[in-house]
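Colleague: Mind looking over this structure? Questions follow.
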Amino acid sequence: MPQIIIEIFIDAPPATCLGLVRDERVIAEGSFPSGNDIKSAAPHRTVELGQIVTFRGKHLGFRQILTVKVVELEHGRRFVDKMIEGRFRAFRHTHEFVDVGGKTLMRDILNWTSPFGILGRVADKTFIERHLRKFVIGRNLRLRAIAESVD
């Protein structure tokens, strides 16, 4: 199962960063370059434990739909969403927030399994890993700009 770990320092406390990552408005804005929009059945605008969220957007030239469920949530520290429907055979995204002297080390850990056996593994190394890395880094840079303007 391929894995990507992406880290970024943010000049804001972990609680602020975690709150922004879970805010549906920020999620939608952070996903803008792919044309993503999100849909959830939550009565509030913050993603919570057990919540199911569907992302729709254009990735790698194709319209994609990915539905995830928040399977873990530790306020101030981390949350994990896991794919329940989408093109991958499996997809898990761990978001971690580490306090470093009042600032935050935000770490994204993505694990996935592509479909199509060996062809999927070739695709992982050829373009999927690069695309996921670029997408998450772009989202994180936008999130950092928002977090640092709030505090």
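The values are calculated or read from the model by the stated rules, or taken from the named source; none is laboratory data. Quick caveat: nothing in here was measured; it's all calculated off a predicted structure. Quick reminder, even Gly has a Cβ in these numbers, built from the backbone with ideal geometry, and neighbours come from all protein chains shown. Keep in mind that these areas ignore ligands, DNA and RNA; they rest on the heavy atoms of the full protein, side chains included. Shrake-Rupley method; radii C 1.70, N 1.55, O 1.52, S 1.80 Å.
Colleague: What's the number of the only condition in (1) open to solvent by 40 Å² or more (accessible area, probe 1.4 Å); (2) assigned to a helix (DSSP H, G or I) that Phe55 fails to meet?
Modeller: The one condition Phe55 does not meet is (2).
Colleague: Given the condition of a type in the set (Gly, Ala, Ser), part of a strand (DSSP E or B), closer than 24 Å to Gly19 by Cα and within 15 Å of the chain's Cα centre (by Cα), answer yes or no: does some residue in segment 83-91 qualify?
Modeller: Among the residues of segment 83-91, not one is of a type in the set (Gly, Ala, Ser), part of a strand (DSSP E or B), closer than 24 Å to Gly19 by Cα and within 15 Å of the chain's Cα centre (by Cα), which makes the answer no.
Colleague: Which pairs have Cβ atoms under 6 Å, sit 6 or more apart or on different chains, and link a residue in segment 132-151 that is at negative phi to one that is open to solvent by 70 Å² or more (accessible area, probe 1.4 Å)?
Modeller: Every condition considered, the pairs that remain are Glu148/Asp11.
Residues checked against (1) among the acidic types (Asp, Glu); (2) modelled with pLDDT under 90:
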residue: Ser114; (1), (2): no, no
residue: Arg121; (1), (2): no, yes
residue: Thr126; (1), (2): no, yes
residue: Leu132; (1), (2): no, no
residue: Val136; (1), (2): no, no
residue: Glu148; (1), (2): yes, no
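Colleague: Moving on. Those residues that are surrounded by 16 or more Cβ atoms within 10 Å (Cβ to Cβ) and assigned to a helix (DSSP H, G or I), I need them from segment 105-122; list them, please.
Modeller: Within segment 105-122, Gly120 is the sole residue that qualifies.
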